[in-house]
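Below is one structure, written out as structure tokens; comments come after it.
Throughout, read-outs are computed from the coordinates displayed, never taken from laboratory work. All of these numbers come straight from a predicted model, not from anything done at the bench. Cβ atoms come from the backbone with ideal geometry, glycine included; neighbour counts cover every protein chain shown.
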Amino acid sequence: MDDVDLAQEREEAHLAASLSARKPRLVSRNGNCIWCTDEPIVANTAFCSAECGEDYHKHQREMKQRITGE
């Protein structure tokens, strides 16, 4: 096994670890925005607009900070 093979193995292991550590994708269960719940979602998202997505993520960060005290 040469250096190229070892580098490729390391790269594949790093990629596999990174993929397994990522958070699950948000999904709308009924086709409506998961934040405002009134509007239909934009294709391949869980939100009706970028603003709703930003508001949702901001709220999630704030809740995490409250719980962990960060």
* Structure fact -> If one compares the long axis through the Cα atoms of helix 3-21 with the longest principal axis of the Cα atoms of the chain, the angle in degrees, nearest 10, works out at 20
* Asked: In nm, to one decimal, how far is the THR68 label point from the GLU54 one, both placed 7 Å along Cα→Cβ?
  -> 2.4
* State the label only: which of (1) 3, 15, 14, 13, 13, 12, 9, 7, 7, 5, 2, 0; (2) 3, 20, 34, 28, 11, 3, 1; (3) 3, 17, 23, 16, 11, 9, 8, 7, 5, 2 corresponds to P(r) over Cα pairs in 5 Å bins from 0, in percent computed from the shown model? => (1)
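Helix-derived [θ] at 222 nm for the chain: sum -39500 (n - 2.57) over DSSP H runs of at least 4, divide by residue count, nearest 500?
Working: 2 runs with 38 residues, N = 70.
It lands at -18500 deg cm²/dmol.
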* **Loop trypsin sites (Lys or Arg not before Pro), the chain (other Cβ atoms within 10 Å of the site Cβ: 13 or fewer; DSSP)** => ARG22, ARG25, ARG29
* Asked: Residue by residue through region 45-61, which ³J(HN,Hα) values in whole Hz follow from phi under the Karplus form 6.51 cos²θ - 1.76 cosθ + 1.60 (θ = phi - 60°), with glycine and proline marked x?
  -> 9, 10, 10, 7, 7, 5, 4, 5, x, 5, 4, 4, 5, 4, 4, 4, 4
* To do: Provide the FRET efficiency to the nearest 0.05 for the ALA43-LYS23 pair, computing r from the beta carbons and using R0 = 22 Å.
  => 0.60
